[in-house]
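Scroll down for the structure; my scribbles are underneath it.
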Amino acid sequence: MDENEYSACRLCPRNCGVDRTVAEGYCREKSSLHVARASIHMWEEPCISGNSGSGTIFFSGCNMGCVFCQNRRISRGEVGKYIDIGRLIEIFYELKEKGANNINLVTGDMFIPTIRNAIDRARGMGFDLPFLLNTSSYLNVETVKSLQGLIDIYLPDFKYIREEDAVRYSNAPGYVNAARDAIDEMVRQQPKALFADEGQQKSDRNTPLMRRGVVIRHLLMPGMLIQAKMIVKYLYERYGDNVYLSLLGQYTPGDNLSSFPEINRKVTGYEYKSFVDYAAGLGITRAFVQEGDTARESFIPDFDCRGV
């Protein structure tokens, strides 16, 4: 696989076949790298952000269609700068100089052929920070396989286990099976979590920094507690303690959900506690949970092309 994949794009399950060298795919992006922000981010899981932060690169565009998207300005490709692969590699080094613990590629799914090339070149130049793919998991398994040996940490979402919800809320037909297959491949590549040696930097929660592994996120949505429990049960039965789970309660409704009144509210404290208690009852101990008022927009950075 190489950058010619853009000429008949089949990176994700939409298999749109669009020649993205000349036209936009469903993701609203052509093949040119489109980046909305590159900065140190402190609000990832403790084993990823640590004390110095994660070096996040937010790519514009998205192959999902989530009606509740908090980052819709970039997911719709409305903001961002177009850069070449050389500039992307420069950004890797700039984030490292700022103290980043890793390079966090946020929603870079549409640009994986170029990202592969950039990582390979950077590694050839001696770049030594871990690379992290922060993804919706709506990817063809062949696309994930192409990242073998390049991605150190996978941070996938598992959004739905009910196909009808994937279609209604994210316009993502086939999401459930695609996400299962994609995450299986991620775990095959990184079957066991590895952390920084004892004595190296730890986070403010005394959590060692992850160097390799898989952290699977699920965002609890209003009225979907049963689905959330089904998901953590599935993940624990399939992967056990080989992966970490991140149980999120930060769902923030936007101002465009009038047609979806059932999700036009925040998650209640009872719903989130029930979710976490259920996971603990299954025997899950390798999980991150959120505390306090996390459902607020201050966790959403300004997509002002900073660092690009």
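Summary table below
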{"quantity": "Some residue of the stretch 216-231 being within 17 Å of Ile153 (Cα to Cα), surrounded by 14 or more Cβ atoms within 10 Å (Cβ to Cβ) and of a type in the set (S, T, N, Q)", "calculated": "no"}
{"quantity": "Exclusive hit being touching a helix residue (DSSP H, G or I) at 6+ places or on another chain (Cβ under 6 Å) and either part of a strand (DSSP E or B) or over 18 Å from Val144 (Cα atoms) (or both), set Cys62, Cys69", "calculated": "Cys69"}
{"quantity": "Search result, residues across the stretch 47-81 that are closer than 16 Å to Arg306 by Cβ and among the aromatic types (Phe, Trp, Tyr)", "calculated": "Phe58, Phe59"}
{"quantity": "Selection count, the stretch 93-115, where residues are surrounded by fewer than 22 Cβ atoms within 10 Å (Cβ to Cβ) and free of Cβ contacts under 8 Å to residues at least 40 places away in the same chain", "calculated": "2"}
{"quantity": "Which listed residue is at pLDDT below 95 and in a helix (DSSP H, G or I), from Ile74, Ile115", "calculated": "Ile74"}
{"quantity": "Those residues of the stretch 60-69 which are within 27 Å of Val289 (Cβ to Cβ) and in contact with a Ser or Thr (Cβ under 6 Å, 6 or more places away or on another chain), in sequence order", "calculated": "Cys62, Met64, Cys66, Cys69"}
{"quantity": "Filtered residue count, the stretch 1-37, keeping only those that are under 18 Å from Phe59 (Cβ atoms) and polar (S, T, N, Q)", "calculated": "3"}
{"quantity": "Residues of the stretch 30-54 classified as in contact with a Lys or Arg (Cβ under 7 Å, 6 or more places away or on another chain) and either over 30 Å from Leu247 (Cα atoms) or not small (Gly, Ala, Ser) (or both), total", "calculated": "6"}
{"quantity": "Number of positions in the stretch 252-288 that are within 20 Å of the chain's Cα centre (by Cα) and at pLDDT 95 or above", "calculated": "3"}
{"quantity": "Of residues in the stretch 199-246 being in a strand (DSSP E or B) and modelled with pLDDT under 95, the one nearest to Gln148 (Cα to Cα)", "calculated": "Pro208"}
{"quantity": "Test for Ile119: is it β-branched (Val, Ile, Thr), surrounded by 20 or more Cβ atoms within 10 Å (Cβ to Cβ) and without any contact (Cβ under 8 Å) to a residue 60 or more places away in the chain", "calculated": "yes"}
{"quantity": "Output for the stretch 118-175, where each listed residue is part of a loop (DSSP other than H, G, I, E, B) and among the hydroxyl-bearing types (Ser, Thr, Tyr)", "calculated": "Ser136, Ser137, Tyr138, Ser146, Tyr160"}
{"quantity": "Residues that are in contact with a Ser or Thr (Cβ under 8 Å, 6 or more places away or on another chain), surrounded by 15 or more Cβ atoms within 10 Å (Cβ to Cβ) and either part of a loop (DSSP other than H, G, I, E, B) or of a type in the set (Ser, Thr, Tyr) (or both), drawn from the stretch 46-59", "calculated": "Ser49, Gly50, Thr56"}
{"quantity": "Subset of the stretch 176-198 that is in a loop (DSSP other than H, G, I, E, B) and hydrophobic (A, V, I, L, M, F, W, C) - its residue that is modelled with the highest pLDDT", "calculated": "Ala193"}
{"quantity": "Among (1) under 16 Å from the mean Cα position of the chain (by Cα); (2) crowded, with 22+ Cβ neighbours inside 10 Å, the one test that Cys69 misses", "calculated": "(2)"}
{"quantity": "First in the stretch 215-231 and within 12 Å of Ile161 (Cβ to Cβ), second anywhere and small (Gly, Ala, Ser), Cβ under 7 Å, 6 or more apart", "calculated": "His218/Ala228"}
{"quantity": "Tally of residues being closer than 19 Å to Asp255 by Cα, of a type in the set (Ser, Thr, Tyr) and surrounded by fewer than 16 Cβ atoms within 10 Å (Cβ to Cβ) across the stretch 72-92", "calculated": "0"}
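For every residue, the table says whether it meets (1) touching a Cys at 6+ places or on another chain (Cβ under 8 Å); (2) closer than 23 Å to Asp120 by Cα; (3) touching a residue at least 40 places away in the same chain (Cβ under 8 Å).
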residue	(1), (2), (3)
Leu11	no, yes, yes
Cys16	yes, no, no
Asp19	yes, no, no
Arg28	yes, no, yes
Ser32	no, yes, yes
Arg37	yes, yes, yes
His41	no, no, yes
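The values are calculated or read from the model by the stated rules, or taken from the named source; none is laboratory data. Small disclaimer: the values here were computed from a predicted structure and weren't measured. Using ideal geometry, Cβ is built from the backbone for each residue, glycine included, and neighbour counts are taken over all protein chains shown.
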